[in-house]
Amino acid sequence: MFQKILIANRGEIALRIQRACRELGIPTVAVHSTADADAMHVRLADESVCIGPPSARESYLNAASILSAATITGADAIHPGYGFLSENADFAEMVEAHGLAFIGPSPAHIRMMGDKIEAKSAMAALGVPLVPGSDGAVTDLDAARRIAAAIGYPVLVKAAAGGGGRGMKVANDADEIEEAWRTARTEARAAFGNDAVYLEKYLDRPRHVELQVLADGRGQVVHFGERDCSLQRRHQKLVEEAGSPALSAAERDALGARATSALAKLGYRNAGTLEFLYQDGQFAFIEMNTRLQVEHPVTEMVCGIDLVREQIRLAAGQELGYGQSDIRFSGHAIECRVTAEDPETFMPTPGRVTAFHPPGGLGVRVDSALYAGYRVPPHYDSLVAKLIVHAPTRDQAIARLRRALAEFVVVGIKTTLPLHQRIVEDVGFQRGDYTIHWLERFVAGH
Ligand code: MV4
């Protein structure tokens with residue numbers, strides 16, 4: 001097992017990783033920018049190293065500074081958390097070249113899944129269903145016209161290096177394909193330095209359902225069920241649930257079997273999430289994330305497993321030690337992402353928190369690095385707390401969520417708590433029959 005783990009992140013996820021380390025008896029090293037000298041993740045770590053000025057580019061994205069911090073503190077592993085360097089294959093490679101363990105998948109798998117075209121063809125070859133689309137990159141306009149006509153309009157032009165909603169253009173008919181294809185390529189070249197694009201049939205009212213997996217790199221792969229992440233605005237998720245209100249246990253089992261068998265054949269290791277669109281009873285794989293995700297706690301609550309502990313154990317070369325039949329799903333969990341944003345305009349609201357009273361009680365979990373007196377800096381992501389509730393049924397989880405939201409106090413800065421309170425009261429949300437478009441309409445209608 002590791003002797004010391006450096007956590008290359010900040011905020012609630014740095015605390016989350018520290019908690020797993022502490023339970024494993026492993027000391028932690030925090031890294032921080034000058035803007036984060038007073039941050040909770042620095043206070044709670046065993047050691048800390050300042051790695052640069054406030055801008056993320058010069059601190060949390062500065063691979064050289066982070067590797068120096070690991071070397072001088074004698075850390076033997078690095079956990080990247082989510083965001084920042086977590087899906088940077090070059091960084092993972094550098095970590096390994098320094099003789100340290102990267103707590104995540106191999107650099108080759110990170111690189112493979114970073115290219116959405118490669119990710120899709122690998123998954124398709126291993127029996128995972130896809131959205132109808134081009135077989136690889138579409139490199140000329142004639143091919144774009146021909147393939148779009150064959151798939152049937154509307155189609156989406158997506159960037160191979162994109163993901164998470166960046167670099168997508170829709171073409172509603174043959175008159176729009178030239179513009180969509182050209183703009184997607186130009187924008188992809190400017191944003192990612194890679195102008196490869198591909199085509200997919202545009203699904204008009206899908207749900208976003210993702211599957212959590214863990215793999216030991218030696219062919220043992222298990223899944224921990226799905227999360228429904230359809231409640232998003234401009235590709236920012238606000239609410240996530242485990243399981244999906246739309247899925248039966250049989251559908252989950254079938255999807256899980258396909259996905260785990262594919263990843264076993266790939267020799268995948270550590271944690272991963274497969275993203276699917278789900279519409280009309282059909283799943284279609286779109287992307288794979290090779291990191292721990294923000295919304296991992298809802299899966300932990302329904303499976304009763306510490307996913308970060310498992311990531312660390314697997315990175316240290318330990319066996320999974322259990323199989324799919326050992327994983328049981330109990331009840332329902334819902335997470336609300338509370339951000340330092342105006343609940344109506346979504347403008348960031350950095351500033352000093354004067355009072356912080358998180359909710360508690362049975363089935364309530366709050367992952368947050370806030371404290372009374374803390375100044376939320378303007379330089380980073382606006383997530384300040386995740387409220388997670390767990391209960392035997394979805395209806396009971398909603399009742400618990402309503403109760404917990406009413407208890408939650410953050411004074412000094414505006415947050416999205418009032419928006420979450422409105423969502424939980426909405427009968428559409430309560431019915432659970434929403435798609436990826438539901439929240440944008442909900443927000444616009446108020
Ligand atoms: C799609 C789609 C409809 N049809 N692909 C956006 C993020 C990226 N991960 C994939 N995305 C989409 N791909 C086809 N063929 C609609 C979206 C999409 C979306 C997907 C998941 C969650 C939120 C979304 C919001 C808008 C569009």
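The values are calculated or read from the model by the stated rules, or taken from the named source; none is laboratory data. The structure displayed is predicted, hence computed values, not measured ones. We place every Cβ from the backbone using ideal geometry, glycine too, and count neighbours over all the protein chains shown.
Can you tell me which residue is modelled with the lowest pLDDT among those in the range 194-231 that are away from the ligand (no atom under 14 Å from the Cβ) and small (Gly, Ala, Ser)?
Across the range 194-231, the extreme among qualifying residues is Gly219.
Give just the number: which of (1) touching a residue at least 60 places away in the same chain (Cβ under 8 Å); (2) buried (at least 18 other Cβ atoms within 10 Å of the Cβ) does Arg400 not satisfy?
The number of the failed condition is (1).
Can you find, within the range 405-421, the residue that is farthest from Phe346 (Cα to Cα) among those that are over 24 Å from the mean Cα position of the chain (by Cα) and free of Cβ contacts under 8 Å to residues at least 60 places away in the same chain?
If we take residues in the range 405-421 being over 24 Å from the mean Cα position of the chain (by Cα) and free of Cβ contacts under 8 Å to residues at least 60 places away in the same chain, then Glu407 is farthest from Phe346 (Cα to Cα).
Of the conditions (1) under 28 Å from the mean Cα position of the chain (by Cα); (2) not assigned by TED's automatic domain parsing to the domain that holds Ala69, Ala97 satisfies every one except a single condition; which number is it?
Failed condition: (2).
Could you list, in sequence order, the residues of the range 90-105 that are buried (at least 19 other Cβ atoms within 10 Å of the Cβ) and touching a Ser or Thr at 6+ places or on another chain (Cβ under 9 Å)?
Ala92, Leu100, Gly104, Pro105 - these are the residues of the range 90-105 that are buried (at least 19 other Cβ atoms within 10 Å of the Cβ) and touching a Ser or Thr at 6+ places or on another chain (Cβ under 9 Å).
Would you mention how many residues in the range 425-446 are within 22 Å of the chain's Cα centre (by Cα), part of a helix (DSSP H, G or I) and surrounded by 14 or more Cβ atoms within 10 Å (Cβ to Cβ)?
Going through the range 425-446 one residue at a time, the tally reaches 3.
Mind telling me which of the residues Arg16, Arg22 ends up being touching a residue at least 40 places away in the same chain (Cβ under 8 Å), closer than 26 Å to Val298 by Cα, outside the structural domain of Tyr380 (by TED's automatic domain parsing) and not aromatic (Phe, Trp, Tyr)?
Arg16
Would you mind finding the one in Ala180, Ala174, Ala191 that is at pLDDT 95 or above, of a type in the set (Gly, Ala, Ser) and touching a strand residue (DSSP E or B) at 6+ places or on another chain (Cβ under 7 Å)?
Values: Ala174 fails: touching a strand residue (DSSP E or B) at 6+ places or on another chain (Cβ under 7 Å); Ala191 fails: at pLDDT 95 or above.
It is Ala180.
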